[in-house]
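**Q** What follows is a structure written as structure tokens; I'll ask about it next.
The values are calculated or read from the model by the stated rules, or taken from the named source; none is laboratory data. Just so we're clear, the structure is a prediction, and the values are computed from it rather than from any experiment. Positions of Cβ are backbone-derived with ideal geometry, glycine not excepted, and every protein chain shown enters the neighbour counts. Quick note on the areas: whole protein, heavy atoms, side chains included, nothing else; ligands and nucleic acids left out. Shrake-Rupley method; radii C 1.70, N 1.55, O 1.52, S 1.80 Å.
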Amino acid sequence: MKGPVGIVNTACAHDCGGRCVLRAHVKNGRVVRYETDIGTEPQLRACLRGRIYRQRLYSPDRLRYPMKRTGNRGEGKFQRVSWDEALDIVASELLRVKKTWGNASIVCLTGGGSRSVLHNGASVQRLLSKFGGYTRPWGTPSFEGALFASMATYGTMTTGSAREDLLNSRMIIMWGWNPAATIWDTSTPLWLIKAREKGIRIVSVDPRLTNSIAVYADEWVPIRPGTDAAMLIAMAYVMIKDGLYNKRFLDTYTVGFEDFHRYVVGEEDGIPKTPEWASDITRVPATTIDRLAHEYATNRPGALIPGWGPARGAMGEQFTRSAAALAAMTGNIGIKGGYAGGFMRAFHSREMGKKSPGNLVENNSAIRQYSLYRLRGAAKPTAARFCRAKLWDAILRGKAGGYPCDPRLLYVVSTNPLSSHPDTNKGIEALKCLEFIVVHEQRLTPTAKFADIVLPTNTFMEREDAVPPWLGSPYYLYLNKAVEPLYESKSDHDICVMLAPRLGMADYDENKDDEVLLREIAARTGDLPDFDRFKNDGVVKLDVAEPFISFTKQIADPVHNPFPTLSGKIELYSEHLAEWRNPLLPPIPKYIPPPEGYDDPLASKYPLQLITTHHPARTHSTLEGIPWLEEVSPRYVWINSADAGNRNIADGDQVMVFNDRGKVMVCAKVTERIMPGVLDLPQGAWSNLDKDGVDHGGCANVLVPDNHSPGGAWAANTVLVELRKTQ
């Protein structure tokens, strides 16, 4: 090879749970290897997902040019066309559908394929907004239940604390939280290791013995999926019975504890929520529940960290709200070493971008409107939107099925819904009945195979961009372009610039290059006075005097710093929820048995509970099919040895996991690291269905129902299945 090797400072921008430094070694215009952060502490070091990115950048299945479908939907048969022809077709179809059916029939679906500042699905959303509007589904698969619960309880998404504050805790409870795989901000594993080295007790509640438990925790508490709220409420019972709760904190900072108290002790329904009651539901011994309640209540400050996993199940909102209730009962909110739970965003450098209108106490009507708006999905939900979990059903049934529109055209960017959305077989049926589908993609995903037009997009190695931290650690990353765009690929923004005049728009493009736009955005943060240094170094690590802790001002001075809720306090009882009069969304946290839980009558037919966790070597469906990742961490379904023995299954056997929605062929991993009665098939696999509807790609969403809780929680971890050996 000729020429010197240059190092380009860039970063990862996928939705993996971290945002990490990458240093691309470039020779003769080609990335030859990656290394990660070698700068000042704390180092933002990339995991294997970032370090293998060269295999994705130069993947032989990269899309090279625009393509037009020639075969039947889903066959994957396309012919090469020019950019002009492809965009002319897309524009013609958009104009036709708008004229014939109206803008509401245009559905735009975006996702986590790119989470950077400039180049993402927002480019298409902006284009379609200027075009007269479109239908944008509400509800995110990762966190909608946790988000809703956070807004209902605290009135904000900013409820977390900096990871370094864990060193101030006397006890950490990781509940359905696996940061060894899902990262949860880049330095989280480092701070958990430091906490363990310091001797801080760490307990994990989870159906699986995860890598996080193996590395960080002192104790593993296995629990049935979908029953976490029952255990939390039983812990509240112990605290009430034994006088372990912080009455002063509850009186000062919360509303509704009296109602919660009546429910917990059984005055409301005649059922005391004792550890014995919860043990029958959760399979956690009553003595363990009692002991853990005492430990958390007496080892203050304590950090109970409610992961999004249990909230990704039917009735998942109740888990997150119950965890917040325990944090309030122990006074572990707004203090060093505590943890409020909720959505858990934690910004060192900036608070929430939007402030509530007026004084939260005096302007009651304004905060009522604001809080209700935030409760209903947090992202401009209206009667013209439907929950994203119901995408396929909305396409198939439309207005006749009670949905606000009849979808005719689907515009997909930065997402692969046929793998990431529930009920894949229904998805195939839905995609076949649409009038037109356009997809921006880098590879021919299962969704892209159903497109009428596929437009090739470039990766974050091939353009200028920037990215903030995932949840809020004190740094920013600049993504310098490492190589020129491969083949005929373009950015989402550039595609929209080319498409806009074909739609009759003259004002879409601001006629500013990426760097100019990034300079303007950086100036608005207030944290980046030296942009040139930021661009040169690829990272700015902010100096902060103290680790960020949510609600310190509210706790220190509640009169002048109320919580952004209707009452100005932490709402263990939500007046808004009470107004809805929905028994599945009660005003206080409750245990509500989920559909397809362990005690659902359907369990007599499908006795195993399936969870669909995040794969440690994937990022949703983005990194599927990368050879190095496949070699390091192939895809299996986890099954306990007792369940495997009852079905004559050995480790490595090919098995079929099935229910009424579909069938999935995959290899079994027989292990003691998952509790009996539970299977784990990680999400993100590309669906690969044969003519009989049997999936050979290991796609968990073939089996997942498309129902959701009233608050929007998806049912990804409350699924009933059976499993049998196939060879």
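**Q** Tell me the relative contact order for region 505-660 as a rounded percent, counting alpha carbon contacts under 8 Å between residues six or more apart.
**A** It comes to 7 percent, rounded to a whole number.
**Q** How large is the charge dipole for the chain, taken about the Cα centre, if only the Cβ atoms of Lys, Arg (+1) and Asp, Glu (-1) carry charge, to the nearest 20 debye? Can you show the working numbers first?
**A** On the way: 87 positive and 81 negative charges, 203 e Å.
Dipole about the Cα centre, nearest 20: 980 debye.
**Q** Still on this structure: For the full complex of protein chains and a 1.4 angstrom probe, list Arg385, Arg262, Arg502 by accessible area with the highest value first.
**A** Values: Arg385 30, Arg262 100, Arg502 70 Å².
Solvent-accessible surface, decreasing: Arg262, Arg502, Arg385.
**Q** Per residue, how large is the accessible surface of the chain? Use a 1.4 angstrom probe and give square angstrom. The partial results should precede the final answer.
**A** Numbers: 26800 Å² over 727 residues.
On a per-residue basis, 37 Å².
**Q** Projecting each Cα onto the charge dipole of the chain (Lys/Arg +1, Asp/Glu -1 at the beta carbon, about the Cα centre), which of Gly697, Leu128, Ser604 comes out farthest on the positive side?
**A** Leu128
**Q** How big is the dipole moment of region 223-325 about its Cα centre under a simple scheme where the beta carbon of each Lys and Arg is +1, that of each Asp and Glu is -1, and everything else is neutral? Debye, nearest 20, please.
**A** Taking the Cα centre of region 223-325 as origin, the dipole is about 340 debye.
**Q** Next up: Just add up the charged neighbours of Ser169: K/R +1, D/E -1, any other residue whose Cβ is under 10 Å from the Cβ of Ser169.
**A** Taking every Cβ under 10 Å from that of Ser169, the sum is +4.
**Q** Report the gain in length on full extension from Asn511 to Arg64: 0.36 nm times residue separation, minus Cα-Cα distance, nm rounded to one decimal.
**A** Numbers: separation 447, 0.36 × 447 = 160.92 nm, distance 2.62 nm.
Gain on stretching Asn511 to Arg64: 158.3 nm.
**Q** Quick one: net charge of Tyr598's neighbours, Cβ under 11 Å, K/R +1, D/E -1?
**A** -2
**Q** I've got another one for you. Compare Lys490, Lys198 by solvent-accessible area with a 1.4 Å probe and give them largest first, with all protein chains kept in place.
**A** Lys198, Lys490
**Q** Now, a different point. Based on the mean of other Cβ atoms within 10 Å per residue, sort peptides 669-675, 77-83, 234-240 so the most packed one is first. Each step should come with its number before you reach the end.
**A** Details: 669-675: 18.0, 77-83: 13.9, 234-240: 25.0.
Result, highest mean first: 234-240, 669-675, 77-83.
**Q** Then there is this: For Arg19, which sequence-distant residues (separation of 5 or more, or a different chain) have an amide H within less than 5 Å of its own amide H, given hydrogens modelled in the peptide plane?
**A** Result for Arg19 returns Thr186, Trp470.
**Q** Can you figure out the FRET efficiency of Arg262 with Asn299, using R₀ = 30 Å and their beta-carbon distance, to the nearest 0.05?
**A** 0.60
**Q** On a C-alpha basis, how far is the centre of region 667-693 from the centre of region 82-137 in Å? Whole number, if you could?
**A** 35
**Q** Something else now. If amide hydrogens are placed 1.01 Å from N in the peptide plane, which non-local residues have theirs closer than 5 Å to the one on Leu720?
**A** Those qualifying (amide H under 5 Å, at least 5 residues apart or on another chain) are Leu610.
**Q** At 1.4 Å probe size, with no ligands or nucleic acids counted, give the accessible surface of Arg126 in Å², nearest ten.
**A** Counting only protein heavy atoms, the figure is 90 Å².
**Q** Using only the alpha-carbon atoms, what does region 520-586 span along each of its principal axes? Please give whole angstrom values in decreasing order.
**A** Answer, in whole Å and largest first: 56, 29, 19 Å.
**Q** What does the charge dipole of region 1-110 about its Cα centre add up to, to the nearest 20 debye, if the Cβ of each Lys and Arg holds +1 and the Cβ of each Asp and Glu holds -1?
**A** 340
**Q** What is the projected area of the convex hull of the Cα atoms of region 1-107, averaged over all directions, in nm²?
**A** 11.4
**Q** Okay, next question. Amide H to amide H under 5 Å from Ile674: which residues, 5+ apart in sequence or cross-chain, H placed 1.01 Å off N in plane?
**A** Those lying under 5 Å, H to H, from Ile674 are Leu209.
**Q** If you don't mind, there's one more thing I want to ask. State the percentage of accessible surface on the chain attributable to carbon and sulfur atoms; use a 1.4 Å probe and exclude ligands, DNA and RNA. It would help to have the intermediate numbers written out before the result.
**A** Numbers: 13190 of 26800 Å².
For the chain, the apolar C and S fraction of the accessible surface comes to 49 percent.
**Q** Related question: How do Ile271, Ile172, Ile335 rank by accessible surface area computed with a 1.4 Å probe, from largest to smallest?
**A** I get Ile271, Ile335, Ile172, largest accessible area first.
**Q** Sort out for me the Cα centre separation of region 253-292 from region 466-529, rounded to whole Å.
**A** So the two Cα centres are separated by 50 Å.
**Q** Can you give me the relative contact order of the chain as a percent, contacts being Cα pairs under 8 Å and 6 or more apart?
**A** 20
**Q** Return the Rg/Rh value of the chain, two decimal places, where both radii are evaluated on C-alpha atoms and Rh is the Kirkwood radius.
**A** We get a ratio of 0.95 for the chain.
**Q** Right, next: Find the Rg to Rh ratio for region 594-727, where Rh is the Kirkwood radius over alpha-carbon pairs and Rg uses the same atoms.
**A** 0.95
**Q** Measuring from centroid to centroid over Cα atoms, what is the spacing of region 301-330 and region 540-569 in Å?
**A** 20
**Q** Just read off the accessible area of Thr298 with the full protein assembly in place, 1.4 Å probe, to the nearest 10 Å².
**A** Probe radius 1.4 Å; accessible area of Thr298 about 80 Å².
**Q** Okay, moving on. How large is ³J(HN,Hα), in whole Hz, for each residue of region 694-702 in order, when computed from phi with the Karplus curve 6.51 cos²θ - 1.76 cosθ + 1.60 and θ = phi - 60°, using x for Gly and Pro?
**A** Those phi angles translate into 8, 8, 10, x, x, 7, 5, 6, 4 Hz.
**Q** Apply the Karplus parameterisation 6.51 cos²θ - 1.76 cosθ + 1.60, with θ equal to phi minus 60°, to every residue of region 574-587 and state each ³J(HN,Hα) to the nearest whole Hz, in sequence, with x for glycine and proline.
**A** Along region 574-587, the couplings run 9, 5, 4, 5, 4, 5, 6, 6, 10, x, 8, 9, x, x Hz.
**Q** What is region 431-576 by shape, rounded, prolate or oblate, if you read a ≥ b ≥ c off the alpha carbon gyration tensor as root eigenvalues and call it rounded for a/c under 1.5, prolate for a/b larger than b/c, and oblate otherwise?
**A** In terms of gyration-tensor shape, oblate.
**Q** Stokes-Einstein diffusion coefficient for region 105-225 at 20 °C in a medium of 1.002 mPa s, Rh from the Kirkwood formula over Cα pairs: what value in µm²/s? List each step's numbers first, then the result.
**A** Details: Rh = 17.4 Å.
It diffuses with D of about 123 µm²/s by this estimate.
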